[in-house]
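Enquirer: Can you keep this structure in mind? I'll have questions shortly.
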Amino acid sequence: MPTNGVPTKITQGSGTKGGIGESTLRPDGTLKVTGEFAYSSDMWHEDMLWGQILRSTVAHAEIVSIDTSKALATPGVYAVMTYDDLPTDVKNYGLEIQDTPVLAHGKVRHHGEPVAIVAADHPETARRAAARIRVEYRDLPVVTDEASALAPDAVLVHEARDDHHIGHVPHPNVVHRQPIVRGDVEAARRRADVIVEGEYTFGMQDQAFLGPESGLAVPEEDGGVHLYIATQWLHSDLRQMAPVLGLPEDKVRMTLAGVGGAFGGREDLSMQIHACLLALRTGKPVKIVYNRFESFFGHVHRHPAKLYYEHGATREGKLTHVKCRIVLDGGAYASASPAVVGNASSLGIGPYVVDDVEIEALALYTNNPPCGAMRGFGAVQACFAYEAQMDKLAERLGMDPVELRQLNAMEQGALMPTGQPVDSPAPVAELLRRVKAMPMPPERQWESSEGADVRQLPGGLSNTTHGEGVVRGVGYAVGIKNVGFSEGFDDYSTARVRMEVAGGEPVATVHTAMAEVGQGGVTVHAQIARTELGVTQVTIHPADTRVGSAGSTSASRQTYVTGGAVRNACELVREKVLELGRRRFGSYHPAWATAELLLEGGKVVTDGGEVLADLADVLGDEAVEVEEEWRHRPTEPFDLRTGQGNGHVQYSFAAHRAVVEVDTELGLVKVIELACAQDVGKALNPLSVIGQIQGGTTQGLGVAVMEEIVVDPKTAKVRNPSFTDYLIPTILDTPTIPVDVLELADDHAPYGLRGVGEAPTLSSTPAVLAAIRNATGLELNRTPVRPEHLTGTG
Amino acid sequence: MRLNFTVNGRPQEADDVWEGESLLYVLRERLGLPGSKNACEQGECGSCTVRLDGVPVCSCLVAAGQAEGREVVTVEGLADFARQRAEGCGTGACGTSLQKARRWEARGTDSQTGEGTDLAPVQQAFLDAGAVQCGFCTPGLLVAADEMLERNPNPTDADIREALSGNLCRCTGYEKIMDAVRLAAARQSEGV
Amino acid sequence: MDFLRPASWEEALAAKAEHPTAVPIAGGTDVMVEINFDHRRPEYLMDLNRIGDLDAWEVGEESVRLGASVPYARIMEHLRAELPGLALASHTVASPQIRNRGGVGGNLGTASPAGDAHPALLAAGAEVEVESVRGARRIPIDAFYTGVKRNALAPDELIRAIHIKKADGPQQYSKVGTRNAMVIAVCAFGLALHPGTRTVRTGIGSAAPTPIRARAAEEFLDAALEEGGLWDNGKTIPPSVAKRFAELCAAACNPIDDVRGTAAYRRHAVGVMARRTLTWTWESYRGAHRITEGAA
């Protein structure tokens, strides 16, 4: 009720149920719990064929010959295609550099490279036919690490590069190199009382999304093709596919099918072009579904890295300088390597204030599996190393590791090594304080009246200890991640919002090409529409290429950028609706012309709360629709020599405290608790935000203690492409993950929000490693840490 | 070969089944029941968990021919299965109750969101607790969690973790899944 | 591929005699993985699920006759008292779903050095009952494993049951994996005290081309227990004895480096598990011993 005769001022969205800030439930949730949600591997079509890919059995070889005759003669086989069957001159694809052959030509550059494709009436027929294709290889020497890649007589992975990085790289086997130089490290080193050095190794992690790469390509009457696909970015796929297929983009239609997780692994193409080629060749719908073995070859992985660090500090603990060199293994094709280099270098010293810095990051071309996008890329590898360095430094200085971090923590206004000021809250010290202040989990929780509960001990159900050798350790870490696409990329999204009356009620429809991969973007879009348009009913249109690009579901960017686009489109729709109202009803009430008008609860109201009209009456038979692109603030490339430049649009921060119990004799680890504090700017959906933080934290835990794709250094062949030997955490490996969410608005971002998805993946890993070091006293310079590393039996 | 078995209380027949096909493949590709998921096909993720004669198994590791004459419950039949259990019926024995038929008619379902669908308590709890992200692990987890709550209505956290240790999830970090199962157990014991 | 569905054991034997390459499938937890991943295309798959006898067990005076297909979950639940080592081993097998399907017969048929049941069977003492149309025989477990994924079965034989000695003393089982659930053994160790015969038996998994016993360690420990009168006086095992036992168990290993672990780690871990399981079983034996003494 108004008090003192002054009406309570209300703002848009404050009175609408199910708007932003609420933990509304997923619009696709019911379908997902009943099994009816249609994932890409669930697609089915009358008369469809099954596609199968034949992959190289060796890592680096010339292809002497391919004989497909026996495969073609197999009953039930409709098509067999090799490089020679590609329809146009465009035979390569790639996110930034088009260096990846659709089908191998002349040689293969990594184990598992696609060589031929088959379509048949049953998956077993297709497999048998693929097995009958004879490929003769002549082995070439393999390039597997920096030494072999940069040797003077090194075999070139790509013999004739003409991409835009070749001019500034020191060797053709370097994809991209980014130095960052600021201040004077030599002079700063003289001021240092303590210097610590370290060499770190980060293993190759897999996204291990559960929904395998899959899709259904349906040929269309106009000669085009419609692909139902699980991807992170429909329009990026489209841009790479159409030229290879020899079709204009409007004849390659794409609809997002259900996506079973992504985490970066669907940023590159996998089976998209292959399915379309086979569909166009046979005139029949073609479904391709990778099995888990193939999935390990079918997508890029997280770059393994070698990281060399030198940190200097004064006696009091103030950092004097950081010098580092980060060597990322990009594998056989470029994928996202240049962007990974950009992140690793620009975020290479972490969320700390250091005036004198020398950073060098580079990505190699090797014959190892191609590496590219995975949650937190570049920043994840660096965080593992710089946080290990901070602990090492704290130990040398005799300081508390959290205090040392807080002493050097950046704040709003600080300068990045790139010279870019951090122009929104950077509560690094506060996040550390919060995570440290959380209550500690009780000791020896595995003790019970009936003896030790092995489920709560290292080794779990395997019954390896009843408490013997078990030592507790605690570790902390904090990290910094950029949000959105950086370095001058035109990072935009498109939203189409429509408002009309259906069943007597105003309904908003939001149509974007955003890939919902599980993150909950669809939930948030509905919330934004409710807040901005004052309606309760919102329909989320399936994502497809009939609307403009939404950019990628990666880089923690979708809520920011597509969320921003949806809000922007809603605001434009609101203006049009009010315009319509003024035309129709303006003469009945002066407030239409004079007051600030809002859409609330299905009505047009004044900011004083007076109802002017029902939205249903304002709209009548008319539909109001807007499609608009929306961009975040522009960024600029980093200078190729100095690394200076305003390359990032926003930063995201999280801190972790890990509590572990280590069986020090067997080298087995049980993570007891992994607490996280993160600043999210504004939690549009708190339940989803916490889900993102807990999920990201767990992926960081995985690469700390178990996850690694093992590549044979002699042959460059993958040794563990299965869920039997590539292990991801089970529910018994995953601890409780208490989350403290801080909301300090970024005034440059929609609703003040900050991208959430990646930051928790950064600091989780080093926190667990720090806790294991704390328990064991070992140095541990690689991740994942394996039992042999903890027992001196490596 | 030809295959006859019961799925979610209904007799099913599949023809021309290749002998190497798994139960999972038959459910997904021949019977139009893709709810059971094909995440690893090596028994290492639990996404394809179904009940075979009441017992939770990985349907990817059951040869199709082994299902001959058996009763299978998949996620698609979980709501009915839970309802019949609550009403004291065995698997598939009670058919559609008049009460359910009326509810169906009265509420209808939204084809886009599935709103209005009858859910098993554990399905509702997964929604309410935010245990679903990409959802690919969800069907297997639901079947496993529902069976655990049937056996052990008041599980400790360690019991829940053990019972679900064969179901991988890559999105959630399992915390919300723990919340969901605790919630389902609490609602079950309160008779909600 | 043909799918054979024998309705009885006799039909199964006849089918196996006619098609010696037929691959028997029960729980499917090994065979189906190989089929799904195109590692194996047998001419015949023979389903054993329809043979009721195979998933039943009988507890006898001396031993348990365990049907080849009794799922691990049932062993955990129903045979914990009679077969404590195997029950513990069963609990470490893969996941609940796999434990509901897989059984010891499959472990023996595959004969992978990493099979979880083997160390428990070796430690308890067991015989494998196999049969063909030519007749039935019992293969002592010590003679069953003949090489990497090879066993003593003839091509026409099928595994019908396993006769496992009922525990006459404490048994333990430990397995190391790099995950706290659903993991293949990096290495495993089973230990059984047999107070009746005053002997100790061991079993080691994943640390040699086949599952093995650490015979030198057993002999050493048998002698040390005898010499110290420990079976009678129930005293603690001297640390030096436990240490030597562990060393001898480690020395019995002949492991390899692979993606799951290094040879050096396997040897080390077997030693640690040997020492710990000896402590657990001996403390349990002493506890029971003291209770018996008190009652006397």
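The values are calculated or read from the model by the stated rules, or taken from the named source; none is laboratory data. As the structure is a prediction and not an experimental result, all values here were calculated from the model. Positions of Cβ are generated from backbone atoms using ideal geometry, with glycine treated the same way; all protein chains shown enter the neighbour counts.
Enquirer: Can you tell me which of A:Thr730, A:Thr724, A:Thr715 is more than 30 Å from A:Thr144 (Cβ to Cβ) and either within 11 Å of chain B (Cβ to nearest Cβ) or assigned to a loop (DSSP other than H, G, I, E, B) (or both)?
Expert: The conditions single out A:Thr730.
Enquirer: Filter region A:602-654 for residues that are of a type in the set (Lys, Arg) and outside any loop (DSSP other than H, G, I, E, B); which is surrounded by the fewest Cβ atoms within 10 Å (Cβ to Cβ)?
Expert: A:Arg631
Each row is one residue, and each column tells you yes or no for (1) out of contact with any Lys or Arg (no Cβ under 7 Å at 6 or more places or on another chain); (2) more than 17 Å from C:Lys165 (Cα to Cα).
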site	(1), (2)
C:Met32	yes, yes
C:His39	yes, yes
C:Val59	yes, no
C:Arg99	yes, yes
C:Ser112	no, yes
C:Ala136	yes, yes
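Enquirer: If you don't mind, there's one more thing I want to ask. Which residue out of A:Ser40, A:Ser23 is over 30 Å from A:Gly602 (Cα atoms), within 30 Å of the chain's Cα centre (by Cα) and within 14 Å of chain B (Cβ to nearest Cβ)?
Expert: When all the criteria are applied, what remains is A:Ser40.
Enquirer: Considering only residues of region C:15-25 that are in contact with a strand residue (DSSP E or B) (Cβ under 8 Å, 6 or more places away or on another chain) and in a helix (DSSP H, G or I), which is farthest from the other protein chains (Cβ to nearest Cβ)?
Expert: Once the filter is applied, the top-ranked residue is C:Ala17.
Enquirer: Of everything in region A:730-764, what is surrounded by 24 or more Cβ atoms within 10 Å (Cβ to Cβ), out of contact with any Cys (no Cβ under 7 Å at 6 or more places or on another chain) and within 17 Å of A:Val478 (Cα to Cα)? Give them in sequence order.
Expert: Hits for region A:730-764 are A:Arg754, A:Gly755, A:Val756, A:Gly757, A:Glu758, A:Ala759, A:Thr761, A:Ser764.
Enquirer: Now for a separate question. C:Gly28 versus (1) part of a strand (DSSP E or B); (2) facing chain B (nearest Cβ under 7 Å): which is the lone unmet condition?
Expert: (1)
Enquirer: Quick check on B:Ala39: is it more than 20 Å from C:Ile25 (Cβ to Cβ) and facing another protein chain (nearest Cβ under 7 Å)?
Expert: Yes.
Enquirer: If you check every pair at least six apart or on different chains, which have Cβ atoms under 6 Å apart with a residue in region C:257-272 that is within 8 Å of chain A (Cβ to nearest Cβ) first and a residue that is among the acidic types (Asp, Glu) and part of a loop (DSSP other than H, G, I, E, B) second?
Expert: Pairs that qualify, where the first residue is within 8 Å of chain A (Cβ to nearest Cβ) and the partner is among the acidic types (Asp, Glu) and part of a loop (DSSP other than H, G, I, E, B), are C:Val259/A:Asp725; C:Val272/A:Glu665.
Enquirer: Could you figure out which of (1) more than 14 Å from chain B (Cβ to nearest Cβ); (2) farther than 21 Å from A:Leu674 by Cα; (3) among the polar types (S, T, N, Q) isn't true of A:Asn781?
Expert: (2)
Enquirer: Just checking, does region A:384-407 include any residue being within 14 Å of chain C (Cβ to nearest Cβ) and in a helix (DSSP H, G or I)?
Expert: Checked against the condition, which is being within 14 Å of chain C (Cβ to nearest Cβ) and in a helix (DSSP H, G or I), region A:384-407 yields no hits at all.
Enquirer: Now for a different question. Only one of (1) within 14 Å of chain B (Cβ to nearest Cβ); (2) closer than 28 Å to A:Ala129 by Cβ fails for A:Ala61. Which number is that?
Expert: For A:Ala61, the failing item is (1).
Enquirer: Residues being part of a strand (DSSP E or B), under 18 Å from the mean Cα position of the chain (by Cα) and at the interface with chain C (Cβ under 7 Å from one of its Cβ atoms): count how many of those fall in region B:53-73.
Expert: The qualifying residues number 4.
Enquirer: Another one. Could you check, for region B:143-166, whether at least one of its residues is away from chain C (no Cβ under 14 Å), at pLDDT 95 or above and surrounded by 22 or more Cβ atoms within 10 Å (Cβ to Cβ)?
Expert: Among the residues of region B:143-166, not one is away from chain C (no Cβ under 14 Å), at pLDDT 95 or above and surrounded by 22 or more Cβ atoms within 10 Å (Cβ to Cβ), which makes the answer no.
Enquirer: For C:Gly271, indicate whether it is assigned by TED's automatic domain parsing to the domain that holds C:Val186, assigned to a helix (DSSP H, G or I) and in contact with an Asp or Glu (Cβ under 7 Å, 6 or more places away or on another chain).
Expert: Criteria met by C:Gly271.
Enquirer: For region C:86-98, how many residues are under 15 Å from A:Arg455 (Cβ atoms) and either assigned to a helix (DSSP H, G or I) or within 10 Å of chain B (Cβ to nearest Cβ) (or both)?
Expert: Result for region C:86-98: 4.
Enquirer: Just the residues that are in contact with a helix residue (DSSP H, G or I) (Cβ under 6 Å, 6 or more places away or on another chain), of a type outside the set (Val, Ile, Thr) and facing another protein chain (nearest Cβ under 9 Å), please, taken from region C:152-190.
Expert: C:Gln172, C:Tyr173, C:Ser174, C:Lys175, C:Gly177, C:Asn180, C:Ala181, C:Ala188
Enquirer: Just to be sure, is A:Val155 surrounded by 18 or more Cβ atoms within 10 Å (Cβ to Cβ) and either in contact with a Ser or Thr (Cβ under 8 Å, 6 or more places away or on another chain) or away from chain B (no Cβ under 14 Å) (or both)?
Expert: Criteria not met by A:Val155.
Enquirer: Still on this structure, please answer the following. Within region A:106-141, which residues are within 14 Å of chain B (Cβ to nearest Cβ) and either part of a strand (DSSP E or B) or at pLDDT below 95 (or both)?
Expert: Hit for region A:106-141 is A:Ala120, nothing else.
Enquirer: Another one. Just one of A:Ala116, A:Ala130, A:Ala120 is touching a Gly at 6+ places or on another chain (Cβ under 6 Å) and buried (at least 22 other Cβ atoms within 10 Å of the Cβ); which is it?
Expert: Just one listed residue meets the conditions, A:Ala120.
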